[in-house]
Each structure stands twice: as structure tokens, then as C-alpha cells.
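Step one of this worksheet: look at the structure below.
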Amino acid sequence: MERKLEKLLSEAKSCVEKGNFDKGLVIYEKAINKARGGSDYAYCLFLLASTLHDHGESERAAYLFEELKELYSHERPLAMKKLDSIYKQIGDINRRVAILEELSESQELRHDHIECSRTLIELSQIYIEMKRFENAESACLKALQLIEEVIGKKNDQYVTCLEKLVEVHRKSGNKEKETESLEKLHGIYALNERYESCDRVLCELQERYEEGTEEHKMTLARRAIIARQPEKYPEVIQERGEFHKDKAFKKSEHILIRKVFRVFVSSTFLDMKRERNVLQKKVFPRLREYCERHGASFQDIDLRWGVSDEVQKDQRTLQICLRDRTLPEPPHRSPIS
């Protein structure tokens, strides 16, 4: 960048920061005219457009961002994001779709797959609002593919995208696809060690499948496996902790622990089937929701889960039930010294 151009941009920025907005705009325009036809033109135009946008001049800013969009410069993706922000503010959903579609294509061509996936997830939400469910599904599937190619499935972004796909299928009313995406989601929750979320999805699937079917039995078995996973308690949170000379922490003033309430259901395996089903379908979901509202978690474990006929014949039922009953307890509240 030329020395004179750099000086003009610095002067314009200084005027705007000091409250002399109009003078700053005039200087920015001088800089743009000086840079016209050169490699710094798009950058100068972007600075002026951003200044107008930040000071509420949305229409004038949009005009300049639209010009930037056609220049195919380094500032082009940023200009399109600013345009999306402007059209979102004024509620122009059709222009938002056009901008985000173009932005996602540009990001993919630049091999910026993670940013592209974020754009596609945002685009899918707009498609849902417009009831364009096929487009929303395609956007989510594309985003999932891009995320998996770059960073795999064990990350928050993949989880968020798959949750969005479930939302698409749910709002479109396609029960079959919704069930398929829920099956995938519980597996991804388990992969990311989100066991409570995994159990919640399995509960929903359990209600969908007819009792006695292979799908229903498999869902019960999966819930039994999840129930055996060790709890992931939050790390101890220290407030105003300071190091001593020996680098030890002072006594922690606050330790946050999420409480877990477990209910074990046990009786002879040949009776009380109706009562167990009522607990699973009506009572436990309400208890789970109540605990979540109060910052705790609820786990129900039916000791008949995972106990096959072969196990019963081999007289190992008691051994399995006792193993499932012996789960790790939450750590006790204790200070750090």
C-alpha cells in the first residue's frame, strides 16, 4: 500500500473515532478514488462500507458491499457476511438466501470447509422458516460431509449440524427420516461422551418403537450400556484462587457439582411388566424434565435390561444386576488445599 493512501485511511479513521463522521467519509472517498484500479481499491471500499454500516447507514453500506461482492477480492466473503447481517436486520429473507448460497459456494471453492459448513447450517435454518425442507436437508447433509472430511465426527460442530438435521425432519413431518436421524444422533452423542443427551434420544426412540420388536429391544440394550458409563462431572471451579510460592492453590471458595438422581427398578422378571412400562412412558420422562429444570440429571435403570434368556438359564442374573447397581457415586464436596 502506498504511503499517501495509508496516511489517508489513518486520517479518515481518526476523524470517525473523534466524532467527525462526515469529514471521515470524505477522506475515505478520497482514498477510494486514489486506489481505484489498483489492488487496494477493494480494501478501501470495504473500510468505507463497514464504517457506514457501523453508524447505521445500512442502505449506503449495502450498495457498497454489493459492489464489493462483484469484485472477487479477499474482502468478498466479509462483504457477503455484512450483507447478510443487513438483510437479516431489515427482514429480507430472499436476499439472505441468495447471499448465503453464494457465500457457501465461494467458501467451498476456497476450501474453507469449516466456515462453509457454518454458513450451510445458518442457511438450513432459513430454509426451515421458508418450509423448504428439501433444501434444508441438502444443506445439512452437505455441511456434515464437509465437517467430517476436515475434523471428523467427534466435535461440537458435527453435533450441532446433526441436531439441525433432526429438526428439519421433525418440522417436515417425515417420521421415517426423523427416526433415522435420531438413530444417528444418539450414536454421535455417545461418541462425544454426551451421555445424558444420548439417553434422552434413546428414550424418544424407545417410545417410537413397538414393544417386543427388535428395534425396541436394541434401544433398551443401548440405554443399559449408556447407564453404565461413568459420569463426566465438571472440573472444580475456583474463584479468586491465587498461587502460593510453592504454586499450590488457596482454598477454593466454590465447587460446582451437578447432582445425579438414579432410580433402579427391580422385581421378578415375569411380572409387573405393565407397571414397568407405565414408569418408563409416563413417570420417568416427567422426572427427567423436572431434574433438568433444576440443574440436575435423572437416570432410570431397569435391571431387566440386557439380561437375556441364556443369562437367566446360566444363573448369572444376580451377578449382572449387582454389577449394574454398583455405579460410581458423585464426588463429595471438599476443598482444595
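crowded, with 20+ Cβ neighbours inside 10 Å and touching a helix residue (DSSP H, G or I) at 6+ places or on another chain (Cβ under 6 Å), is that true of C15? Spelling it out, it is not the case that C15 is crowded, with 20+ Cβ neighbours inside 10 Å and touching a helix residue (DSSP H, G or I) at 6+ places or on another chain (Cβ under 6 Å). Suppose the filter is more than 21 Å from the chain's Cα centre (by Cα) and either buried (at least 20 other Cβ atoms within 10 Å of the Cβ) or small (G, A, S) (or both); does L120 pass it? Taking the combined requirement at face value, the residue does not satisfy it.
Could you check how many residues of the range 18-39 are closer than 22 Å to R76 by Cα and either crowded, with 19+ Cβ neighbours inside 10 Å or aliphatic (A, V, I, L, M) (or both)?
Residues in the range 18-39 being closer than 22 Å to R76 by Cα and either crowded, with 19+ Cβ neighbours inside 10 Å or aliphatic (A, V, I, L, M) (or both): 5 in total.
Residue check: S85 meets all listed conditions (1) within 30 Å of A62 (Cα to Cα); (2) out of contact with any His (no Cβ under 9 Å at 6 or more places or on another chain) but one, namely (2).
Restricting I27, I93 to residues that are within 26 Å of E122 (Cβ to Cβ) and β-branched (V, I, T) narrows the list to I93. Just so you know, in the range 64-92 the residues that are of a type in the set (F, W, Y) and surrounded by 15 or more Cβ atoms within 10 Å (Cβ to Cβ) include one that is nearest to F46 (Cα to Cα), and it is F65.
If the requirement is being in contact (Cβ under 8 Å) with a residue 40 or more places away in the chain and of a type in the set (S, T, Y), which of these qualifies: S58, S117, S50?
So the residue among S58, S117, S50 that is in contact (Cβ under 8 Å) with a residue 40 or more places away in the chain and of a type in the set (S, T, Y) is S117.
Modelled with pLDDT of 55 or more, farther than 23 Å from S297 by Cβ and surrounded by 17 or more Cβ atoms within 10 Å (Cβ to Cβ) - does that describe any residue in the range 226-244? Checked against the condition, which is being modelled with pLDDT of 55 or more, farther than 23 Å from S297 by Cβ and surrounded by 17 or more Cβ atoms within 10 Å (Cβ to Cβ), the range 226-244 yields no hits at all.
The values are calculated or read from the model by the stated rules, or taken from the named source; none is laboratory data. Keep in mind it's a predicted model, so treat the numbers as computed, not measured. A quick note on method: Cβ atoms are made from the backbone with ideal geometry, for glycine too, and the neighbour counts reach across all protein chains shown.
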